[in-house]
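Undergrad: Before we start, here is the structure in question, set down as structure tokens.
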Amino acid sequence: MLFQANRGTIEPIAIRPIVEDGARAPIPSLVEEEEERMVIRHGLSAVVLAMLASACGGAAGDGEGGERTLENGTLPPETPGDEVAPPPPPATQSPAPQPAPEPITAPPSASDYDKEKTWAEAHGVPIPAGKVTVVAKRRGSDARSEQYQDEMVVFRPDGTIARFVATTKPAQMPSPGSSVVPDVNGDGRKDLGIVRPGIYEAKGNEWFGIDGYERRAFRVLTTSGSGALPAWRDTSGDGVFSAKEKQAAEQLGYKITGVLIHYGFAPNGTTLGQDTYVGPWSVGCQNVPYAELDRFIQAVGGASASFTYAIVQE
């Protein structure tokens with residue numbers, strides 16, 4: 001797929017800065033990370049785009065403050081730091097055909113709202129009347145995915161809902177030389193992160209994206225306002241978050257930071273300028289397809305909106 005940029009979480013594909021209210025917001029510092037494999041249709045040799053530093057989900061830092069020491073034979077939890085993935089590099093061949101996610105455009109009825117509300121509340125997510133709540137249904141195994149397997153359901157104040165194909169999982173593996181994705185167990189390998197299921201808050205007024213194609217985004221925080229989110233870490237490097245790895249992450253309190261809800265690319269490719277990018281773009285961030293971003297922004301109440309954001313394992 002693509003490279004994902006996240007502070008602390010995503011890596012293979014790249015992510016971009018964002019602009020706000022017509023004025024370009026500061027572009028995140030560049031970070032050397034690859035998010036996921038990107039296929040670029042136009043372009044000659046693959047040129048690794050600069051990595052955006054303040055974009056996507058982050059994780060515990062990887063020793064910036066000095067060398068970590070072992071305590072009782074176990075490395076202490078990483079200190080929070082931003083993980084950002086580099087922009088996806090252009091490829092020289094067309095992307096392989098993939099089934100494109102089909103956006104749900106038919107207006108859901110009031111009964112749809114009630115059904116989804118019942119489901120969400122049965123899974124521990126309150127749906128208060130008159131407020132925006134987004135429930136992200138995580139589907140499939142707890143592993144990185146280069147496809148949009150998940151769904152986001154937006155509960156709107158008017159008693160209606162909007163549905164979006166999405167991904168809450170990282171798509172790309174971190175590059176070995178990543179300066180933002182941490183090595184939480186000290187084995188010399190960067191450890192991909194994923195936000196754990198839970199109830200969070202999302203705040204707008206963020207920008208992110210490929211340089212020159214920055215678009216609105218939302219930052220995910222804890223309900224107390226912290227950017228360090230509970231996370232699981234893939235310490236074996238196989239892209240899967242095993243039961244053992246989850247248990248260790250929860251015991252050691254691993255976090256991921258810099259997590260955004262931002263655009264990814266279409267399964268069959270999104271062309272920006274001369275280059276084509278394919279699939280989800282994340283090393284920890286949450287993605288909505290490029291073509292669906294404006295509809296998502298409208299559904300949550302605008303680019304400056306704040307709302308409850310819950311991730312639930314379906």
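We did not get these values from a lab; they are worked out from the coordinates using the rules stated. Remember, it's a predicted structure, so these values are computed and weren't measured experimentally. All Cβ positions, even for glycine, are placed from backbone atoms using ideal geometry, and neighbour counts span all protein chains on display.
Undergrad: Taking 0.36 nm per residue of sequence separation and subtracting the Cα-Cα distance, how much length would be gained by fully extending the chain between Ser111 and Lys131, in nm to one decimal?
TA: Net length gain for the segment: 5.4 nm.
Undergrad: Based on other C-beta atoms within 10 Å, arrange Trp281, Trp207 from fewest to most.
TA: Going from least to most buried by this count: Trp207, Trp281.
Undergrad: At 7 Å along the Cα-to-beta-carbon direction for both Ile199 and Ser304, put a label point, then send me their distance in nm to one decimal.
TA: 2.7 nm
Undergrad: Scaled to the compact-protein estimate 2.2 N^0.38 Å, what is the alpha-carbon radius of gyration of region 121-267, rounded to two decimal places?
TA: In units of the 2.2 N^0.38 Å rule of thumb, it is 1.10.
Undergrad: Could you list, in their original order, any pairs among Lys169/Lys203; Lys131/Lys169; Lys137/Lys246; Lys203/Lys246; Lys131/Lys246 whose Cα atoms are separated by more than 23 Å?
TA: Lys131/Lys169; Lys203/Lys246; Lys131/Lys246
Undergrad: If you wrap a convex hull around the C-alpha atoms of region 220-292 and split its volume per residue, what is the figure in Å³?
TA: 124 Å³
Undergrad: What ranking, highest mean first, results for peptides 282-292, 184-194 when packing means the other Cβ atoms within 10 Å averaged over each residue?
TA: Descending mean neighbour count gives 282-292, 184-194.
Undergrad: What's the percent breakdown of Cα-Cα distances in region 188-314 across 10 Å bins, shortest bin first?
TA: 12, 38, 34, 15, 1
Undergrad: Mind listing the long-range amide H neighbours of Tyr200? Cut-off is under 5 Å, sequence gap 5 or more, other chains count too, H placed in the peptide plane at 1.01 Å from N.
TA: Tyr309, Ala310, Ile311
Undergrad: While we're here: Can you compute the modelled spin-label distance between Gln274 and Ala243, with each label point 7 Å from Cα toward Cβ, in nm?
TA: Here the modelled spin labels are 5.3 nm apart.
Undergrad: Still on this model: What is the packing order of peptides 297-304, 259-266, 214-221, taking the mean over residues of other C-beta atoms within 10 Å and listing the highest first?
TA: 259-266, 214-221, 297-304
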